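As structure tokens, the structure follows; a few thoughts come after it.
The values are calculated or read from the model by the stated rules, or taken from the named source; none is laboratory data. Owing to the predicted nature of the structure, the values given are computational and were not obtained by experimental measurement. Glycine gets a Cβ as well: all are built from the backbone with ideal geometry, and neighbour counts include every protein chain shown. Please note that ligands, DNA and RNA were not included when accessible areas were found on the heavy atoms of the full protein model with its side chains. Shrake-Rupley method; radii C 1.70, N 1.55, O 1.52, S 1.80 Å.
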Amino acid sequence: MNDGNLKKDLIFEVLDRLSPEARFMLDLLAKSQKRSPEEVLEDEIKKYISGQMPSIDLESITKSLQNTAYQTGYWIGSIKSFIKKHQQK
């Protein structure tokens, strides 16, 4: 089974579990948007999930990685210098 069929199967499973009132509202929303109830439900699920996910601060992550990389480079350079000094003795 490919991902597309799995997604469709899950959407249909959710549709089957909706209360009659929820199904009625979904059908009304689908008609007003001139789309299928399956498409509307999928979009509503995506909106719900994206609203539940915390935003990711990429700038802070990048700065943190830069600082870590700089410190790592500094320590590697220091270790190399230390090794060279002791090899010369």
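Please state, rounded to one decimal and in Å, the Kirkwood hydrodynamic radius that the chain gives when every pair of distinct Cα atoms enters the mean of 1/r. Show your work: numbers first, answer last.
On the way: mean 1/r = 0.0550 Å⁻¹.
Taking every pair of different Cα atoms in the chain, averaging 1/r and inverting gives 18.2 Å.
Can you send over the carbon and sulfur percentage of the accessible area for the chain, probe radius 1.4 Å, protein chains only?
Carbon-and-sulfur percentage of accessible area, whole number: 60.
How far apart, in nm, are the 7 Å Cα→Cβ label points at Lys47 and Glu59?
Reported label-point gap for Lys47 and Glu59 is 2.9 nm.
Taking +1 at the Cβ of each Lys and Arg and -1 at the Cβ of each Asp and Glu, which of Asn67, Ile11, Phe24 sits farthest along the dipole of the chain towards its positive end, judged by Cα position relative to the Cα centre?
Highest projection toward the positive end goes to Asn67.
Given Cβ point charges of +1 (Lys, Arg) and -1 (Asp, Glu) and nothing else, what value in debye, to the nearest 20, does the dipole of the chain about its Cα centre take?
My answer is approximately 1060 debye.
Per residue, how much accessible surface does the stretch 1-85 expose to a 1.4 Å probe? Answer in Å², no decimals.
87
For helix 3-17, report the angle its Cα long axis makes with the longest principal axis of the Cα atoms of the chain; keep it between 0 and 90° and round to the nearest 10°.
That helix lies at roughly 50 degrees to the long axis.
Could you tally up the Lys pairs in the chain with alpha carbons closer than 29 Å? Skip any pair fewer than 8 positions apart unless they're on separate chains.
Lysine pair count for the chain: 14.
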